[in-house]
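> I'd like to ask you about the structure that follows.
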Amino acid sequence: MKKSYVTKCLRTRFSIFRFLLLLTFAIVFFLFPQNVYSLDTTLVWDPNSEENLDGYRIFYREDGQSYDYEVPAWEGSETTCTIYNLDDNTTYYFVARAFDTDGLESGNSNEAYYQPFEPSIVIDNGDPETSSTGAWSVSSASGWHGTNSVWSRDGSIYRWTFSPSVSGYYDVAMWWTTWSSRSTNVPVIIEHAAGSTVVNINQQLNGSQWNSLDDYFFESGSSYNVTITAQPGPSSTCADAVRFNFIQSNDPPTAIIDYITPNPAQVGEDVTFSGYGEDPDGSITGYSWESNIDGWLSDLSSFTTSSLTEGTHTISFKVQDDEGIWSEAVTQALVVSAIPTEIITDNRDAETSQTGTWKVSGATDPYRADSVYSRNGATFTWHLTPSQSGIYEVSMRWTAWASRSLNVPVDIEHSDGVATVYVDQQENGGQWNVQGQYYFESGTTYDITITSQPYPSSTCADAIKYRYMYR
C-alpha cells in the first residue's frame, strides 16, 4: 500500500492596513499541510518596509470560533512560520498582525484558511455529479448504496463525474446490485490524467459491495467521467455508486526543450531535437515529440529526422514519470522551408563585387535592368552561400556585342576546389548557358569570377543562376 499524504497550497494576498504611525502591512500566506494524519502548516508572507516595524503575530481559529488576540500562535520578526500539530480534519483560519517598536499593533489582514481534504468521495446514482442517456428505472434488487440503484439495457449510458480538489492517485471502486438478468460483461470507461481505461465487470457477482477497478491518477482542477454502458436485452445493467479513494499524491513532471536545430530548416535537411524532464518525486521514463503538421515524431529524448514537411511546425514535447503521469506539453515553433530550386544573382545584386571599372553595356537582352562590361583584367564576382548542401547546375548569362571576347575565363569555386571554364560571349547572348554541375556545402560562401580580356575585346558581366539538382 502506498503511503498516504496530502500536499496543498492556499495563497491569499492580504489588504493594506495602517497603524496610528502609518505602518503599512501586506502579506501573502502559503499553507503547506504535511500529511493526512497531523497538520504542520507553514505560512509565508511579504515583508513590510517601515523603519519602525518590530515584528508580526499570527493568530488562528477553528471554524465557528473567534480569534484570541491575547494569545498569538506565533510571534517573531521573520516572514515565515510553522504552526505545528493541528488537526488535519479541522478547518482553520489564519490572520496576521504587524506591530512596531512602540508596541502598536495593526488590524487583521484578510484571512487565509485550511480546509480538510476528504480522502474518500462517493458519487451515488442521482447525485448532481451524475448524468445519463436512455431510460434508467429503479431496480428491485436489494443491497443498494444510498437510497436505491437503477438499471437499463440496450446502450443506455450512465455517467459519474469526478472533479478532485487534490491531484494524486485514487482507487476507483464501483458498487452495483445483482439480479438474475444482470450482464456478465459490462464495459466501464474510466477517464484519468493519462487517458482512459476500459474495465469489464460481471454484475452477477460481488453485488452490494465496493469492487476496485484499479488505481488512477487524477489532476486537481479537471473533471473526469466514469461511464457505464448498458448491454443489449434481455440482460440488464445496474448503475449505483462510484467511490474515489485517495491513495497517494504525485507531483507531475516538467518537460524542457533543450534545442531544435537548425531552425529554420529546409525540406530534407537533418533536424536534431533534444529535450529532458524533471520530476520532483520520481524519475523520467518516457518522452513524446509531436508536430502539428506531421503528427507523432519520436519517443526518444533526442533524435534526428530529415522527413519534416514544409511549413511552420508547432513542436510539442512532454515527458512521463515513473508513475505513468505525463507532463504538460511545452512547445516551440520550427520553420521548415522548401529548398529553393533556383538562385539567381544579377550584376546589380548585393551578392557581387568587382575590381577595375565596369560600365553599363548598350547591348540588348540583359537579365534585368542592364549588363556591364569591362576589359584589360578587371574582374567581376558573384557570391553564393547556399542554405542547402547538394549538387547545383551553374548557368551564366551575358549580352552579345561585336567586340565581345571569344575566350573569357570563368573561375567557379565549389566544395572540391575551383573549376575554370571558357565562354564565347559573341555567341548565345541573352540566354542561360550551362557551365556544369558542382557540389556546394550549405553555410559556405563560394565565388564565381569572370576576368575581362585585353583591349580591344570587351567582357560582359550579367547574371549567374544556380539550380538545385540533388543532394
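> Just to confirm a number: summing +1 for Lys and Arg and -1 for Asp and Glu over residues other than P264 whose beta-carbon lies under 15 angstrom from that of P264, what do you get? Please list the in-between numbers first.
Details: positive: none; negative: E269, D270, E310.
Residues near P264 contribute -3 overall.
> I would also like to ask the following. Summing +1 for each Lys or Arg and -1 for each Asp or Glu, what net charge is found among the other residues whose Cβ lies under 12 Å from the Cβ of P234?
Values: positive: R153, R182; negative: D154.
So the surrounding residues net to +1.
> Going from most exposed to least, what order do K465, K318 have by accessible area with a 1.4 Å probe?
Working: K465 30, K318 65 Å².
Final ranking, largest accessible area leading: K318, K465.
> Could you state how much accessible area E413 has, in square angstrom rounded to the nearest 10, with a 1.4 Å probe and all protein chains kept in place?
Rounded to the nearest 10, the figure is 70 Å².
> Can you quote the Å³ per residue value for the convex hull of the Cα atoms in region 280-341, rounded to an integer?
Spread over its residues, the Cα hull of region 280-341 gives 84 Å³ apiece.
> May I ask you to give the percent of accessible area on region 317-450 that is carbon plus sulfur, with a probe radius of 1.4 Å?
Values: 2760 of 6240 Å².
The value for region 317-450 is 44 percent carbon and sulfur by accessible area.
> Still on this structure, I have one more. Given [x] 23, 55, 20, 3, 0; [y] 16, 21, 16, 15, 13, 9, 6, 3, 1, 0; [z] 18, 25, 24, 18, 14, 1 as candidate values of P(r) over Cα pairs in 20 Å bins from 0, in percent, which corresponds to the one derived from the coordinates?
[z]
> Same structure, new question: For a quick protection proxy, order the peptides 446-453, 284-291, 131-138 by their average other-Cβ count within 10 Å, most packed first. Kindly include the intermediate steps, with their values, before the conclusion.
Working: 446-453: 21.4, 284-291: 18.4, 131-138: 14.0.
Top to bottom by mean Cβ count within 10 Å: 446-453, 284-291, 131-138.
> Also, quick follow-up: What does DSSP give for the chain in terms of the percent of beta bridges that are antiparallel, rounded to the nearest 5?
Working: 140 of 144 bridges.
Looking only at bridges with both residues in the chain, the antiparallel portion is about 95 percent.
> Using a 1.4 Å probe and counting only protein heavy atoms, arrange W151, W160 so the residue with the most accessible area comes first. The partial results should precede the final answer.
Values: W151 75, W160 0 Å².
Ranking W151, W160 by accessible area, largest first, yields W151, W160.
> Turning to a different aspect of this structure: Taking a probe of 1.4 Å, how large is the accessible area per residue of the chain, in Å²? Mind dumping the intermediate values first?
Values: 22250 Å² over 471 residues.
Here the per-residue accessible area is 47 Å².
> Moving on to the next point. Using every pair of alpha-carbon atoms in region 375-426, split the distances into 5 Å bins beginning at 0 and state the percent of pairs per bin, rounded to integers.
Binned Cα distances yield the sequence 4, 13, 26, 25, 14, 10, 6, 1.
> Using the Cα centre of the chain as the reference point, and only Cβ charges (+1 on K/R, -1 on D/E), how large is the resulting charge dipole? Debye, rounded to the nearest 20.
Here the chain has a charge dipole of around 1560 debye.
> At a probe radius of 1.4 Å, what is the per-residue accessible area of R397, in Å² to the nearest 10?
Rounded to the nearest 10, that gives 40 Å².
> Continuing with the same structure: Using the charge dipole of the chain (Lys, Arg: +1 at Cβ; Asp, Glu: -1 at Cβ; taken about the Cα centre), state which of C460, A193, A73 has its Cα farthest towards the positive end.
C460
> Still on this structure, I have one more. Taking K and R as +1 and D and E as -1, what net charge do the other residues with C-beta under 15 Å from the C-beta of S306 add up to?
Numbers: positive: R471; negative: E269, D270, D294, E310.
Local net charge: -3.
> With all protein chains present and a 1.4 Å probe, how do M396, M469 order by accessible area, largest first?
Result of the area sort, largest leading: M469, M396.
> If you don't mind, another one. Any idea how far the Cα center of region 398-417 sits from the one of region 210-271, in Å?
If we compute the Cα centre of each part, the gap is 68 Å.
> Tell me the accessible surface of E75 in square angstrom (1.4 angstrom probe, heavy atoms of protein chains only), to the nearest ten.
Around 100 Å² of this residue is reachable by solvent.
> Could you tell me the relative contact order of region 67-139? Use alpha-carbon pairs under 8 Å, at least six residues apart, and round to a whole percent. Intermediate values should be presented prior to the final figure.
On the way: 42 pairs, mean separation 15.7, N = 73.
That works out to 21 percent.
The values are calculated or read from the model by the stated rules, or taken from the named source; none is laboratory data. Source: prediction; values computed, not measured. Because the Cβ atoms are built from the backbone with ideal geometry, glycine has one as well, and the counts that use them run over all protein chains shown. The accessibility values were calculated without ligands, DNA or RNA, using every heavy atom of the protein model including side chains. Shrake-Rupley method; radii C 1.70, N 1.55, O 1.52, S 1.80 Å.
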